[in-house]
């Protein structure tokens, strides 16, 4: 009964999404206030019903209702409750339902927190979100119904993939989806602006906090995914440039470009057309990602589904949404007026440079990800593009981005004197070069150009940030002044930037140092034997069988000491889950800020001997620390007071323009 | 200079490949650490055809086991690296190379990003320089300094985020 | 470029992308084409499946058109194509030889007893060494070799009646009529 209720609720959601898409949009164009006012209630209704559907699926899992095919495939009576919950979104159909739920959630949020916006703008934004919703709901109902029944009813479920039975991985998809879906808000605002023909600073100001929050979620999702891969997959890798990972990284890069571009559009009224295009691009990349991981077009170690039929459906959806939005852009963008002028050396140019680099990086990641497909389709043979290529390209481009990142905050809007800038950057430049040279030399640890480069770039970021803070707080010294500045209008926005940029510096150090200086050893050990690595002594104390909730494991014990003092006791495991019998490795990790000690079990070699892999990984946690800092910075920026100041004047202005023809709003100068 | 920098960065990037091996290699014993490095390097560059997006050093597939054993045996019988790679390419095609080879059909892949960057930089310069001259009067550096002083305790216009 | 035309560029780029994606839906990224086409059969010499004392090698197979089928009992797709192989063997149009790949002898013999034996003979490749020479990366795989001992065709995955009728039988005809 409950699954049928869920199914019915989904259908009702689709109906409401249809109402939401059609009436408010048309009403806003025809000036029919009754239709415009349908937007908010429809958004509420959509959310309520999809939440009901989600609750029904959740209940089916919690009650082990194996008459539901999806539950039979991924549930299990022995599954711990928390994983029964996360199993809801653990595979294709359920994860789509989560997408739909989160999309409705964001739609509702926009409906609620948009009291200051003109009704017609809200109507258009919600309508566009409704159109996206229709796509996902139709996809669910017509091709991927999570409520499909199965007969005969199996006695036990197929169990959730053991890899997914992990808290980190349980949260990772919701975070990512919050990000992907959140970018649809910026997308919808952009469409609404194009439709209405009014692209001004107000539009940028409305979009910005929404975009920032979505971007923060995406940052958290990606960081979590990387962290999870590291400790779960058992061999210490944290990023593989796998198509699914790239599918999440590309929207993030576009989102980063977007938040920087919105800053310019808001403050200077420049880059408006470009910003709109970026907003369309960011969400398009989210949708593209959805296509790539569910259509079977690319091979990936973690694609959801590989079903060309479903793939076709998504592709058509993509063409409608992306093609439609880009067509709208081609039609309306030329009539948008250009904003403030700026000189070659100005913050605008530097931000434009930032955007440019980010977009080029996004483009080549797309190129590399799709290259196998393109080459095959053109009959140029089968090639594969893997980690080494992506890494080489990414490392080639990022330094330029980091250099710009340092200069940008110090540069004035519109015009900055080159001599002035050189003087302001002098100290930062010298310190960075010096630091880089020291780090590259044997004085540091071991001679390494890579380390030198990383230190130089990170120092550059830190010193330019300090210079920027000093410039901002001039005439006012001390922590109290900084505190007041923080709380002022624009304060959190600025310090958010500082924290986020700092996160990038931390990330660079983490990645470079762990790549260059990590040490590993593959070794066969007998109980009682010791090995030396990275200054630590590892004593293998044997492997014992161990029983978990729904798995059996071989549990090893390794005692780690340094200079005779015990550092930690590690317990790497090799687990065999009761249902899906593929063995899983759980690494034993001792994590500190400056280094990780990482041990994984290999194979049993007889007579109590085991093959082990030992790792010493310096600075590896800085990778995720960097990610966290970036997310915190984004949150700080989004919480800035100025976004909450009611701007009544704008409401009155745009209310007047409801009556007038949209295109006549601004004249060319 | 730009060329040098580009090549430099590419080399740095290739050098910074983290060793991320998914399987323990204890089955293979090596005379010297250099030999072990050579082996690892070789299998990092070869693709596992069964799991496709993993190199031989990562994959747990049976074929990967076999191919690793093959590479090891060839190394022990004294074959040089390129002979080993040619052996596998002759049987499995270019696809077995994890890194696409640099040949005319893959120029797009290896040089494309830099070409893109170059074009984008040109477009940016053009867009910025083509703007109509501003009609607002320019103030001199001195006047700007006085202006900043007068504005005093407020955050300067140039430093707002 | 006219002012308005340049705004069509994003849409144009997307259209190209969509075309590739559409094409991609009908391609299989897992298929790896073989570099062995039009090259001589890799030389091998292995014990036969049924009689470990007898040997089978590429030289004994020269002078006729023949098919090499790579299979194993652990491969479920091989089970699926077995009927098709039996059918093909019954037509008498081609001699089918098997390479029993990384399998267990007793299980393989039992399999053929239970399901029928379309093979003239089977080479027993326990270690999979010969499979590597043939560029095998998954079972089943099927090759067709001409009278000169040159590999002319490879099919990855299970054979179907359609493939036999549309691709294999015409090819056999062509190769048979060529000078031997």
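The values are calculated or read from the model by the stated rules, or taken from the named source; none is laboratory data. The structure presented is a predicted model; accordingly, all values stated were derived computationally and were not measured. Quick reminder, even Gly has a Cβ in these numbers, built from the backbone with ideal geometry, and neighbours come from all protein chains shown.
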For this session: Would you be able to tell me the number of residues in the stretch A:605-636 that are away from chain B (no Cβ under 11 Å), touching a strand residue (DSSP E or B) at 6+ places or on another chain (Cβ under 9 Å) and in a strand (DSSP E or B)?
Result: 2
Exercise. If you check residue A:337 against the conditions, is it under 30 Å from residue A:267 (Cβ atoms), part of a helix (DSSP H, G or I) and more than 7 Å from chain C (Cβ to nearest Cβ)?
Worked result: no
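Please verify whether the stretch B:93-100 includes one or more residues that are part of a helix (DSSP H, G or I), surrounded by 18 or more Cβ atoms within 10 Å (Cβ to Cβ), at pLDDT 85 or above and in the same structural domain as residue B:48 (by TED's automatic domain parsing).
If we filter the stretch B:93-100 for residues that are part of a helix (DSSP H, G or I), which is where we start, we get B:94-96.
Checking which are surrounded by 18 or more Cβ atoms within 10 Å (Cβ to Cβ) leaves us with B:94-96.
Within this subset, residues satisfying the condition of being at pLDDT 85 or above are none.
No: the stretch B:93-100 contains no residue that is part of a helix (DSSP H, G or I), surrounded by 18 or more Cβ atoms within 10 Å (Cβ to Cβ), at pLDDT 85 or above and in the same structural domain as residue B:48 (by TED's automatic domain parsing).
Yes/no per residue for (1) at positive phi; (2) modelled with pLDDT of 90 or more; (3) in contact with a helix residue (DSSP H, G or I) (Cβ under 8 Å, 6 or more places away or on another chain); (4) surrounded by 22 or more Cβ atoms within 10 Å (Cβ to Cβ):
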| position | (1), (2), (3), (4) |
| --- | --- |
| A:444 | no, no, yes, no |
| A:475 | yes, no, no, no |
| A:486 | no, no, yes, no |
| A:512 | no, yes, yes, yes |
| A:522 | no, no, no, no |
Exercise. Pick from B:117, B:67, B:88, B:124: which is touching a helix residue (DSSP H, G or I) at 6+ places or on another chain (Cβ under 8 Å), buried (at least 19 other Cβ atoms within 10 Å of the Cβ), without any contact (Cβ under 8 Å) to a residue 12 or more places away in the chain and not in a loop (DSSP other than H, G, I, E, B)?
Worked result: B:117
For this session: Output the number of the condition that residue A:509 fails; it satisfies all remaining conditions of (1) assigned to a helix (DSSP H, G or I); (2) within 11 Å of chain B (Cβ to nearest Cβ).
Result: (2)
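Residues checked against (1) within 23 Å of residue A:625 (Cβ to Cβ); (2) under 27 Å from the mean Cα position of the chain (by Cα); (3) at pLDDT below 85; (4) in a helix (DSSP H, G or I):
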residue: A:434; (1), (2), (3), (4): no, no, no, yes
residue: A:455; (1), (2), (3), (4): yes, yes, no, yes
residue: A:459; (1), (2), (3), (4): yes, yes, no, yes
residue: A:467; (1), (2), (3), (4): no, no, no, yes
residue: A:479; (1), (2), (3), (4): no, no, yes, yes
residue: A:489; (1), (2), (3), (4): no, no, yes, no
residue: A:493; (1), (2), (3), (4): yes, yes, no, yes
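Each row is one residue, and each column tells you yes or no for (1) surrounded by 22 or more Cβ atoms within 10 Å (Cβ to Cβ); (2) at pLDDT below 85.
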residue: A:366; (1), (2): no, no
residue: A:384; (1), (2): yes, yes
residue: A:389; (1), (2): yes, no
residue: A:403; (1), (2): no, no
Exercise. Just one of the numbered conditions (1) in contact (Cβ under 8 Å) with a residue 24 or more places away in the chain; (2) surrounded by 14 or more Cβ atoms within 10 Å (Cβ to Cβ) is not true of residue C:107; which one?
Worked result: (2)
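A quick yes/no check of all residues on (1) at pLDDT 90 or above; (2) within 24 Å of the chain's Cα centre (by Cα); (3) in a helix (DSSP H, G or I):
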site: A:44; (1), (2), (3): yes, no, yes
site: A:47; (1), (2), (3): yes, yes, yes
site: A:54; (1), (2), (3): yes, yes, yes
site: A:59; (1), (2), (3): yes, no, yes
site: A:65; (1), (2), (3): yes, no, no
site: A:76; (1), (2), (3): no, no, no
site: A:79; (1), (2), (3): no, no, no
site: A:96; (1), (2), (3): yes, yes, yes
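Determine whether the stretch A:439-458 contains at least one residue that is under 23 Å from residue B:120 (Cβ atoms) and within 13 Å of chain B (Cβ to nearest Cβ).
Filtering the stretch A:439-458 down to residues under 23 Å from residue B:120 (Cβ atoms) leaves A:457.
Then drop every residue that is not within 13 Å of chain B (Cβ to nearest Cβ), which leaves A:457.
Yes, there is a match, as at least one residue in the stretch A:439-458 is under 23 Å from residue B:120 (Cβ atoms) and within 13 Å of chain B (Cβ to nearest Cβ).
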